[in-house]
Each structure stands twice: as C-alpha cells, then as structure tokens.
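The values are calculated or read from the model by the stated rules, or taken from the named source; none is laboratory data. Bear in mind the structure is a predicted one, so any value in this text is a computation, not a measurement. Neighbour counts are summed over all protein chains in view; Cβ atoms, including those assigned to glycine, are modelled from backbone coordinates with ideal geometry. These area figures cover heavy atoms from the full protein model, side chains too; ligands, DNA and RNA do not enter into them. Shrake-Rupley method; radii C 1.70, N 1.55, O 1.52, S 1.80 Å.
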Amino acid sequence: MNTDFIKYQAQTSPYPLGMEVSHAIGSYIFDTNNKKYLDFVAGVSACTLGHQPPRVNQAIKDQLDKYSHVMVYGEYSQSPAVEYCKLLATLLPAPLDKTYLVNSGTEAIEGALKLARRTTGRSQLISCHNAYHGNTMGSMSVMGFEERKQIFRPLIPDVDFITFNNESDLQKITTKTAGVLLETIQGGAGFIQPENGFLKKVKARCVEVGALLILDEIQPGFGRTGTLFGFENYDVVPDILVMGKGMGGGMPVGAFTASTEMMDLLSDNPKLGHITTFGGHPVIAAACLATLQEITETDLMSSALEKENLFKSLLVHPLIQEIRGKGLMLAAMTRSAAITNEVILKCQDRGLILFWLLFEGCAIRITPPLTISEEEIREGCAIMLEVLNEIQVEMDPK
C-alpha cells in the first residue's frame, strides 16, 4: 500500500511516516500487521473523542438513513446544522450567537477575514509572527513564517505582524486595522499561552480603534484546555470565533461565529458574501452535534486538566526542559530538534504515536483524545521515558 500511497497520492513532505492503517478504536490505531499504536496525537487534535466514538458513529449512521447532501449551504433548513448552531449559541458568551458552517479550519479563517473587512470597511489585517492559521492563500497570507510562504507570493496585501505577548506591538493596531487574528494559544510556535492579560489588552486596543478581534480556536477548541474554548481561560471574548479540528469528532469541518448583526452582513450587499456547497453537510453536522453533546454532558473537560497534571508529573526527565500548553494541548520541549526527532520516531517503532509542531523543532506534540485513560497515559509516558533514557545514554555513555 505504501508504494501506491507514494505513487498516486500527493505528499506533503518527502518523508511521510507511512504507517499502513488497518483500523482504529478508542485510543489506538492498528496497522495492517495488526500492531497497535497508542495515539497521543488524535489526528493532530481532531479526534476529540478518540477513534470510532459510539455516539458520533451512531449519529452519522442515523443521518445517512435520512438524507445526505440536498442543497448548497444556507438555503434549506436541515435539522443537524440548525440544532448544532443553536446549541453552540447557548454555550457561547454574548454576542457570539450566529455560526457559519464550512468545511475546514482554513476555510473558516478565510470567512472570518472576509467578515472583518466587510464589517469595518477597512483592509488591514494583523496576525502574529510564527502564527499558523491554515494553508489556503488568505490563511497563508496571515501565516507568520516567511519560509513556508515566500515561494507562493504575491499573497493578499495589507497584512502586518506583531509578536505574541509583546504589548509594545499593540500600537501597530490602528484605525486602519480591520481585524487582529490571534491563536488563543500559539500552536505551531510551540503551544505558547498568552501572558499578563495579553488577549485582554489586544481586545481593549481593538475596541479603542474600532478593529475586530478574531480568535483562532481551531486547536484549543472543544474542551482540550479544560473549557469548551481556550479563550474562556483568559477572560476575553472575541468578536469573531474560528473553530475546526476537534469539533467534528474526526470528521472534516470548520466554522466561524460572530454576532447576528455582523454575520448578516455576509448575506447582502453583496448577496452571497461567503458561499460553500458542502458547508453544514447534514452528516458532518450530525457528527458535530453528537461530539458537542458528549463533551458538554460529561466530565471530559474537567478531566483534561487532571490529565494535564498527570502528564506533567510523569514526564520528568533531564532531556525534557519544560511541558508547555494547557489541558491536553501539550508540548514536551527537549534540548534539541535532533532529540525530538529521535523520540518521535523511536516511540512510533514501540507503538506510541507522537508528532511534531510546525515551527518549533524542539517540541513533541502531545494532544491525545480527551477520552484517553490514566492507564493509557501512564503506558505512553513509560515508553517516552524509556526512549529518552536510551537517548541520554547514547549522548553520554559514561
């Protein structure tokens, strides 16, 4: 299968991991040799409830028996999407009460950027250095990592960058700024949390100059940080909320939410201000609804913080300098990118799936399903420590 994978399927890098997947259940993925791998990555934060979550699978099957795609987004009332957006509105603070469902996180970013320009009548967009918001042309334009986007220029104009947690940069937000787009917790940069009320200060500056604060919750969202969305930990409410990844229980989806007043601007002058064929797909929306219900009707969010503490208590090693992040959005920072690479690859050989972050080479991604058990955490951490011990001996044989 790997030969055909390389030959017929476009690749994202010259060296894919190449696991031949047979099936997955709970916290484990199985290859075609029936070797099982404990999953500490969850499809890069997407499989919130693990693999084959019963409630989500049943919702998908039930909806398939009723109808699948029937019309482009925004024309017909379809129960799964309507119920989902209504439930989301009851869980979000005012004025976040109207949601546009799309197909991915990067499309949600595109919609949010358009909404900021449409609402303010301004063009300037501000993002952060080392930010990642997706890989389409608009999302790439607000990516703060020049190496990844230089070859694709020209991108969309009038984009500027500030440094996350640098308050002096806030003066760059002016009356020319349409929107300031921030990850609530910087992901690709190394799971960096806001400090000293940084998000509140950005919001205050936005209010002062009439700009909009857009928060990218594509990774922190849906319970991963102990609250439904990461911004709830930092006493701030965005003007536009962007979500994706974990909202669909492993299904492809994204969304952005704002006030009714703002969102209605996309429906007129011009009409069809943002359109999508498959956004709000009833089968995907049913999966999203089941995922959201499961997260909010159980103790998964509060237990994410307990599991964070367990990870941090177990992963104590001379080669680990710190554990960044919050809840089950964690990054173990090693001394070097070489150590990180060796840990990830050796752990996979021993049946533990870890992964990299986009821009921070020293980081080991630890973003397991919220449903992972304490026993499974101990099992995976034991493999990590065993590998780290071996690496330490290789570095210092004495």
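Worth a mention:
- Residue identified as on the phi < 0 side of the Ramachandran plot, out of contact with any Leu (no Cβ under 7 Å at 6 or more places or on another chain), among the β-branched types (Val, Ile, Thr) and at pLDDT 95 or above among Thr296, Thr277, Thr257, Thr291: Thr277
- Count of residues meeting criterion [part of a loop (DSSP other than H, G, I, E, B) and among the small types (Gly, Ala, Ser)] in region 109-126: 2
- Qualifying residue in region 329-349 (condition: touching a helix residue (DSSP H, G or I) at 6+ places or on another chain (Cβ under 7 Å), assigned to a loop (DSSP other than H, G, I, E, B) and small (Gly, Ala, Ser)): no
- Subset of region 306-323 that is open to solvent by 70 Å² or more (accessible area, probe 1.4 Å) and not in a helix (DSSP H, G or I) - its residue that is farthest from Ser336 (Cα to Cα): Val316
- Residues located in region 89-108, provided they are in a loop (DSSP other than H, G, I, E, B), within 17 Å of Leu228 (Cβ to Cβ) and either of a type in the set (S, T, N, Q) or out of contact with any helix residue (DSSP H, G or I) (no Cβ under 9 Å at 6 or more places or on another chain) (or both): Leu92, Ala94
- Residues satisfying the stated conditions in region 250-283, i.e. of a type in the set (A, V, I, L, M, F, W, C) and either in contact with a strand residue (DSSP E or B) (Cβ under 8 Å, 6 or more places away or on another chain) or open to solvent by less than 20 Å² (accessible area, probe 1.4 Å) (or both): Val253, Ala255, Phe256, Ala258, Met262, Met263, Leu266, Val283
- Those residues of region 172-217 which are crowded, with 24+ Cβ neighbours inside 10 Å and either at pLDDT below 95 or in a loop (DSSP other than H, G, I, E, B) (or both), in sequence order: Thr184, Ile185, Gly187, Phe191, Ala211, Glu217
- Residues of region 11-41 that turn out to be modelled with pLDDT of 95 or more and of a type outside the set (Phe, Trp, Tyr), as a count: 18
- Within region 101-133, the only residue that satisfies the criterion of being touching a residue at least 60 places away in the same chain (Cβ under 8 Å) and at positive phi is Asn130.
- With respect to the conditions (1) in a loop (DSSP other than H, G, I, E, B); (2) in contact (Cβ under 8 Å) with a residue 40 or more places away in the chain, Val283 lacks only one, and its number is (1).
- Across region 147-166, the number of residues qualifying as of a type in the set (Asp, Glu) and open to solvent by 80 Å² or more (accessible area, probe 1.4 Å) comes to 1.
- Residue count for region 350-369, restricted to those that are β-branched (Val, Ile, Thr) and in a loop (DSSP other than H, G, I, E, B): 1.
- Qualifying position, being open to solvent by less than 30 Å² (accessible area, probe 1.4 Å), under 24 Å from the mean Cα position of the chain (by Cα), aliphatic (A, V, I, L, M) and over 25 Å from Glu360 (Cα atoms), among Leu125, Leu115: Leu115
- Unique residue being touching a Phe, Trp or Tyr at 6+ places or on another chain (Cβ under 6 Å), open to solvent by 10 Å² or more (accessible area, probe 1.4 Å) and closer than 23 Å to Thr225 by Cβ when the list is Arg365, Arg378: Arg365
- Taking the numbered list (1) open to solvent by 30 Å² or more (accessible area, probe 1.4 Å); (2) under 30 Å from Glu183 (Cα atoms); (3) of a type in the set (Phe, Trp, Tyr) in turn, Tyr76 passes all entries but (2).
- Counting the residues of region 305-333 that are of a type in the set (Ser, Thr, Tyr) and touching a residue at least 40 places away in the same chain (Cβ under 8 Å) gives 0.
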